């Protein structure tokens, strides 16, 4: 089969890779309907994370079940499924508490590579959620978004306790931050402030429910949020970047007793204990347990309540995967969808 | 009047200080029934925090209202009252959300000094909670504990979401940690594990509800907790020390999706962002909004449901304040009560 492989920083190609096979009886093989390029794929692409030899790429996916192992009981070939970036048994205590991304049997889908024609999904019963029927093609981008960026933004909004009566600020105007805006709206937030200095992203933030845009960042951004909230700060702040500046901007924008939901993968961040102590905020985040939210998100998408697929502003055949990475790296695209 | 003054590290004395006067119309003057020495008083006493000239000491207090300002409406002279270490208006948005220690008009009681015969309490209507009648002397130690160490341990247990079915671990066997054990029991925790290597504190922990004692600390302590919880870690961990080691021990003892409630005042702590991210824990704490819990705690004490006053293992006249500090500094006493 054909699949994307990163050979070195800046060098991603479509290669012929071995057809995936059932390895464990709990595996399923899916035929990808769509995949995409994640912001986190850009870390190795840019050489900020080390690339150790050719690596299959991609961890976001929707597709049709092609084959199941002998110990898969809830899925049948032909079903359309959505999964997320960690395989999980969905039965251990951690999964049952809603933290499937930290399942004691968790396996990283990124090591498998879903920017490809087919993929082997471990722990298929726990990992994959089937749609009631094979959906119309128009829903594919939104269902694919549920697989990671929507699920991650949603988790951030839940971790930040976005809800009725709340003012929510969102640090980061990438796909996850933008869908954090959408999640905050769906969760009933009263006011949603997006930090953004790019007009296209500001427009998308407004489309998803942002009521206000703040273009400053760092201390000036924090001061602006304080001004907008009688000096108190926001009730809820979503952090979707992962840098020192963005984390401190998120914490400082939050009122005492408020909640920071952070999902930007942490890069060289150290949090000062004393400032955190005196801030009095709640801090929760990490790798999003997307599986927790998938049934609800799929339902919202198929009933037309939400349209997260709008984050894909580039739609390419899988053969053009290199252009997908390049466009995102150069910030010409917010997020690139890839069709095998 | 007589009041404790810290002149230099190790040098605390009972001095003649000016009688407190009503300054703002929202002030009340109270006649102290009891005060005590806090673990945090030991930081300047030990010279770890700078001592800038003679400083009045003490921020824990119960007493009788002596006089009220013209704008105090809920209190009358003669009432017995309990307050906490921050004065708060109890009406701003932050107070109403239960974070009175971060009230926008918060004033630090420590600057006033309650290891004394009398004290001026700002924002008296918001700060002080009167008991239904002047209580029997036997309740005074427990009501005094509510003023800080119980209220702080209680907040830590609430922040850690201790409750039915939960395994709670407690890092720190000082008065706050021990009362965190009591709080976890009252909140219905199923299993309460106290980290302690001192027999007297282990005994008090068991008296307050600890079901297990772990004597190891650091990585060995974490490994022990994992062993006791099928490898998952505790659901809830209370941190009541404030050092780098204790914070990391708390975070690492918590399962993914679990809660750390931290109240040890942070000293030279830096949290690694990546480890925090991948831990998936909830982190909440800081200076405890004791005022939120006072009505409930007073009720539990006066009905005999809880006996937090047991943390006072040294009961001295105010005149012996120097011995109170010395005994706590040398860890001969867990907590010293002072009677003017």
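The values are calculated or read from the model by the stated rules, or taken from the named source; none is laboratory data. Computed from a predicted model, the values in this text were never measured in an experiment. Backbone-built Cβ (ideal geometry, glycine too); neighbour counts: all protein chains shown.
Structural remarks
- All of B:237, B:222 fail the test of being under 25 Å from residue A:159 (Cβ atoms), away from chain A (no Cβ under 13 Å) and in a helix (DSSP H, G or I), apart from B:222.
- Residue in the stretch A:118-130 that is without any contact (Cβ under 8 Å) to a residue 60 or more places away in the chain, outside any loop (DSSP other than H, G, I, E, B) and surrounded by 24 or more Cβ atoms within 10 Å (Cβ to Cβ) present: no
- Just one of the listed residues (B:134, B:158) is assigned to a helix (DSSP H, G or I) and either assigned by TED's automatic domain parsing to the domain that holds residue B:304 or modelled with pLDDT of 95 or more (or both), namely B:158.
- Residue A:202 falls short of the stated requirement of being more than 12 Å from chain B (Cβ to nearest Cβ), in contact (Cβ under 8 Å) with a residue 60 or more places away in the chain, touching a strand residue (DSSP E or B) at 6+ places or on another chain (Cβ under 6 Å) and in a helix (DSSP H, G or I).
- Among the residues of the stretch B:240-250, those identified as on the phi < 0 side of the Ramachandran plot and within 11 Å of another protein chain (Cβ to nearest Cβ) are B:243, B:244, B:246, B:247, B:248.
- Check on residue B:300, within 13 Å of chain A (Cβ to nearest Cβ), farther than 21 Å from residue A:94 by Cβ and surrounded by fewer than 24 Cβ atoms within 10 Å (Cβ to Cβ): no
- Considering the stretch A:253-269, the residues that are within 16 Å of residue A:287 (Cα to Cα) and within 7 Å of chain B (Cβ to nearest Cβ) include one that is surrounded by the fewest Cβ atoms within 10 Å (Cβ to Cβ), namely A:265.
- Count of residues meeting criterion [in a loop (DSSP other than H, G, I, E, B), closer than 20 Å to residue A:20 by Cβ and either outside the structural domain of residue A:144 (by TED's automatic domain parsing) or free of Cβ contacts under 8 Å to residues at least 60 places away in the same chain (or both)] in the stretch A:90-116: 2
- Given (1) assigned to a helix (DSSP H, G or I); (2) in contact with a helix residue (DSSP H, G or I) (Cβ under 8 Å, 6 or more places away or on another chain), number of the condition residue B:72 does not satisfy: (1)
- Consider the stretch B:96-105 and keep the residues that are more than 17 Å from the chain's Cα centre (by Cα) and surrounded by fewer than 24 Cβ atoms within 10 Å (Cβ to Cβ). The one that is nearest to the other protein chains (Cβ to nearest Cβ) is B:97.
- Going through (1) in contact (Cβ under 8 Å) with a residue 12 or more places away in the chain; (2) crowded, with 18+ Cβ neighbours inside 10 Å; (3) within 13 Å of chain B (Cβ to nearest Cβ) one by one, residue A:141 falls short only on (3).
- Residue A:121 vs. criteria away from chain B (no Cβ under 14 Å) and closer than 16 Å to residue A:144 by Cβ: yes
- Taking the stretch A:1-26 as the range and being touching a helix residue (DSSP H, G or I) at 6+ places or on another chain (Cβ under 8 Å) and under 30 Å from residue A:138 (Cβ atoms) as the test, the residues that pass are A:2, A:4, A:12, A:14.
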